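The values are calculated or read from the model by the stated rules, or taken from the named source; none is laboratory data. The structure presented is a predicted model; accordingly, all values stated were derived computationally and were not measured. FYI the Cβ positions are ideal-geometry reconstructions off the backbone, even for glycines, and counts take in every protein chain you see.
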Amino acid sequence: MSVLFTIGYQGCDLRSLIRVLAIKRIDEIVDVRLTPVSRKAGFSGSVLARALAAKGIAYQHRRDLGCPKDIRTRYRLTGDFHGYTRSYRHRVLERATESVQELARGVASRRLCLLCFEENPFQCHRSLVADETRRASQKEVRVDHLDVASSGRTCR
């Protein structure tokens, strides 16, 4: 059985995140943020990619799997996760089938981890990407949402 990991970096530092990825022997981070930019030190795309590469972890950004700003804004205003899910599936997942298929093929041979900001995977679109990847896979895939908090992270 293959495993697809997910992780959110909210509230943790880069060193703690990389430590968790190393413990789980992650081969590659798949950044599913719309834009790989962060006000948190070390989490913008190119800086993150270099830090991961130094530890032997590959990095790729999948813009087409990012959640559009208007959907995120509506969710923040309403708190309606069901509406958020419906909008994201309709606007993004239905159009990003090739990316999902590539993830499904990749998880069969590599330890992939979807990365986004939100700590709680069930309040983040990465859980939707993970579910869609699991469904698209030819083999059985288990989704493991990593929790940096339980690993002794350094919080803000």
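Residue-wise test of (1) surrounded by 13 or more Cβ atoms within 10 Å (Cβ to Cβ); (2) at pLDDT below 95; (3) farther than 18 Å from Asp31 by Cα.
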| residue | (1), (2), (3) |
| --- | --- |
| Tyr75 | yes, yes, yes |
| Arg95 | no, yes, no |
| Val141 | yes, no, yes |
| Ser151 | yes, yes, yes |
Only one of Asp64, Asp13 is under 19 Å from Ala130 (Cα atoms) and either within 14 Å of the chain's Cα centre (by Cα) or at pLDDT below 95 (or both), namely Asp64
Cβ pairs under 9 Å, 6+ apart or interchain, first in segment 126-145 and under 15 Å from Ile7 (Cβ atoms) and free of Cβ contacts under 8 Å to residues at least 40 places away in the same chain, second of a type in the set (A, V, I, L, M) and crowded, with 20+ Cβ neighbours inside 10 Å, ordered by first then second residue, are none
If we ask which residues in segment 21-38 are under 20 Å from Leu128 (Cβ atoms), part of a loop (DSSP other than H, G, I, E, B) and either free of Cβ contacts under 8 Å to residues at least 60 places away in the same chain or among the charged types (D, E, K, R) (or both), their number turns out to be 4
Given the structure, is Ala41 more than 15 Å from the chain's Cα centre (by Cα), surrounded by fewer than 20 Cβ atoms within 10 Å (Cβ to Cβ) and either assigned to a loop (DSSP other than H, G, I, E, B) or at positive phi (or both)?
yes
Of Leu52, Leu65, Leu114, Leu17, the only residue that is over 18 Å from Leu146 (Cα atoms), in contact (Cβ under 8 Å) with a residue 12 or more places away in the chain and crowded, with 17+ Cβ neighbours inside 10 Å is Leu65
Going through segment 104-144 in order, the residues found to be of a type in the set (Ser, Thr, Tyr) and part of a helix (DSSP H, G or I) are Ser127, Thr133
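Determine, yes or no, whether Gly83 is of a type outside the set (Lys, Arg) and in a loop (DSSP other than H, G, I, E, B).
Numbers: of a type outside the set (Lys, Arg): yes; in a loop (DSSP other than H, G, I, E, B): no.
When the stated conditions are applied, Gly83 does not pass them.
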